Amino acid sequence: MTELISKTFSLCPVCLKRLPAEIVKRGQEYFLEKACKVHGSSSAIIWRGENPSFERWGNYAPSAEHSGVQPACPDQCGLCPDHQQKTCCAVIEVTNRCNLSCPYCFAQSGASPADPTVEYLARCFAELVANGNTFVQLSGGEPTVRDDLPEIVAAARTAGCENIQLNSNGIRLGQDKAYTKALAGAGLSFVFMQFDGTSDSIYHRMRGRPLLAEKEAAIAACSEELLGVTLVPTLVPGVNDRNIGEILDFGLSRSPSVRGVHFQPVSYFGRYPELPRDEDRITLPDVLREIEGQTKGKIKITDFAPSGCGHPGCGFHGDFVVMPDSLVRLTCSTDVRSCCGNDDTAHLRNRKFVARRWKRTAADCCGDKDPASLDGFLNRVKSNGFTITAMNFQDAYTLDLERLRRCSVHVYESGRTIPFCAKYLTGFPTEG
């Protein structure tokens, strides 16, 4: 039996034409379905199971506008008056080159035109800061292939960027400690490090070579410079989805050097090895249930809340403090609607939260107070805070324009601010 849950808009996964779409329920599974007159019908799973409940997650109700008016996005997408969320994190691509050639790659990194100049990037930083966007992520490609990356970090800091995050596979950070030291000295805030698992067999399948030792070296090098590291696993069913608990144990055991784990269920845009089937997808409730099951209940589904800055279907967050012999939950419940609409401060609160939890300071090395005392616990919250988060990116099969219009992670390019999933969206070839 098929039950209609809501109506929205999406895209044809082949030609990317805007289409009316429906979210429907069959059994305990939810699907996004649409039909193109040229390329036919398509369906993709977006939620599995009732724990947590799709319809109660985030106390979210679809906007009344979806009664019949089709939104303009994502054609020539850049933030417009119809976009319903401000920028929390602005992504700047500093190169399209990479020192790996992964089967799974959002940006299709590889051969590219010349890298943007430091002068051009400095202008981008200044434009972002002038618009109130002071949280930037340096991305690519692999940013560390640029020898002048410390100059880019310094330019961002000079422009007034308060938080500068590096998105990296970590290889050079562990191999070249002088380079890592230069990045820290230039003002880098923290590192978002690709980390797909705790065994080299996983890296062989996802990245083409063993990388675990290089990841560990990168974490150690960053720790020496008081650069907080957040581990970023791309979760692929049948490859590393059974490694979730061990990834969390790995990160928690390395607190305060590691500040958290940010899971990214695989989405099929950019470069991917084959056309996706429903069994090739892992949904947010799948991740939450695996966290609880693989940690044997040490971390529970109820320890998490929907993303505090965006659509509830985009992700979840959990806030914790690592104690000497336990893990303490700090997560506050979040009403997602409070982060949209007329609230002009929610994106600022989100930036401050992330910066506070992911940055390291010299005080992290002085945690000699009794953690059982109030002062000791408060010190521990600062020094050993740990976040567990997820971001569920959309591809052409799963794209819900209602979700897209609440995106808060934006790519800045040539004066345009583009929602992340719109920037990297790619059409699929027709089968056969």
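Which of the lysines could a cross-linker span from LYS359 if the Cα-Cα distance has to be under 23 Å and same-chain partners fewer than 8 positions apart are dropped?
The reachable lysines, counting only those whose Cα sits under 23 Å from LYS359, are LYS86, LYS177, LYS181, LYS215, LYS369, LYS382.
May I ask which residue of ALA182, ALA221, PHE192 lies farthest towards the positive end of the charge dipole of the range 140-225, with charges of +1 (Lys, Arg) and -1 (Asp, Glu) on Cβ and the Cα centre as origin?
Comparing the listed Cα positions along the dipole, PHE192 ranks first.
Give me a comma-separated list of calculated 3J(HN,Hα) values for the range 253-265, in order, Karplus coefficients 6.51, -1.76, 1.60 applied at θ = phi - 60°, integers in Hz, x for any Gly or Pro.
With coefficients 6.51, -1.76 and 1.60, one gets 6, 10, 5, x, 4, 9, 9, x, 10, 10, 7, 10, x Hz.
What is the log10 of I(q)/I(0) for the range 110-228, computed with the Debye formula using one identical point scatterer on each Cα and no solvent, at q = 0.10, 0.11, 0.12, 0.20 Å⁻¹?
Debye intensities relative to I(0), on a log10 scale: -0.32, -0.38, -0.45, -1.08.
Step through the residues of the range 121-129 one at a time and calculate ³J(HN,Hα) from phi using the Karplus curve (6.51 cos²θ - 1.76 cosθ + 1.60, θ = phi - 60°), rounding each to whole Hz and writing x for Gly and Pro.
Using θ = phi - 60°, the values come out as 5, 4, 5, 4, 4, 4, 5, 5, 4 Hz.
For MET1 and ALA213, what is the calculated FRET efficiency with R₀ set at 51 Å and r taken between the beta-carbons, to the nearest 0.05?
Numbers: r = 52 Å, r/R0 = 1.01.
The value I calculate is 0.50.
Can you give me the Kirkwood hydrodynamic radius for the range 210-268, using every pair of distinct Cα atoms, in Å to one decimal?
Working: mean 1/r = 0.0822 Å⁻¹.
Evaluated over the range 210-268, this radius sits at 12.2 Å.
Long-range amide H contacts for GLN137: which residues qualify at under 5 Å (H placed 1.01 Å from N, peptide plane, sequence gap of 5 or more or a different chain)?
Long-range HN contacts for GLN137: ALA90, VAL91, ILE92, GLN165.
Determine ³J(HN,Hα), in whole Hz, for all residues of the range 170-183 in sequence, where each value follows from phi through the Karplus function 6.51 cos²θ - 1.76 cosθ + 1.60 and θ = phi - 60°; x replaces Gly and Pro.
Each residue's phi maps through the Karplus curve to give x, 4, 5, 4, x, 7, 10, 5, 5, 5, 4, 4, 5, 4 Hz.
Non-local amide H neighbours of PHE263 (under 5 Å, H modeled in plane, Pro and chain starts lacking H): which ones?
THR389, ALA390, MET391
Mind ordering 255-265, 16-26 by average Cβ neighbours within 10 Å, highest first? Show your work: numbers first, answer last.
Numbers: 255-265: 22.3, 16-26: 17.4.
For the peptides 255-265, 16-26, the packing ranking is 255-265, 16-26.
For the full complex of protein chains and a 1.4 angstrom probe, list SER326, SER41 by accessible area with the highest value first.
Working: SER326 55, SER41 100 Å².
Highest to lowest solvent-accessible surface, that is SER41, SER326.
Could you put GLU224, GLU3, GLU214 in order of accessible surface area, largest first, with the 1.4 Å probe and the full protein assembly present?
On the way: GLU224 110, GLU3 85, GLU214 40 Å².
Highest to lowest solvent-accessible surface, that is GLU224, GLU3, GLU214.
The values are calculated or read from the model by the stated rules, or taken from the named source; none is laboratory data. Bear in mind the structure is a predicted one, so any value in this text is a computation, not a measurement. Reconstructed Cβ throughout: ideal geometry from the backbone, glycine too, with neighbour counts over all protein chains shown. Ligands, DNA and RNA are excluded from the accessible area calculation, which covers all protein heavy atoms including side chains. Shrake-Rupley method; radii C 1.70, N 1.55, O 1.52, S 1.80 Å.
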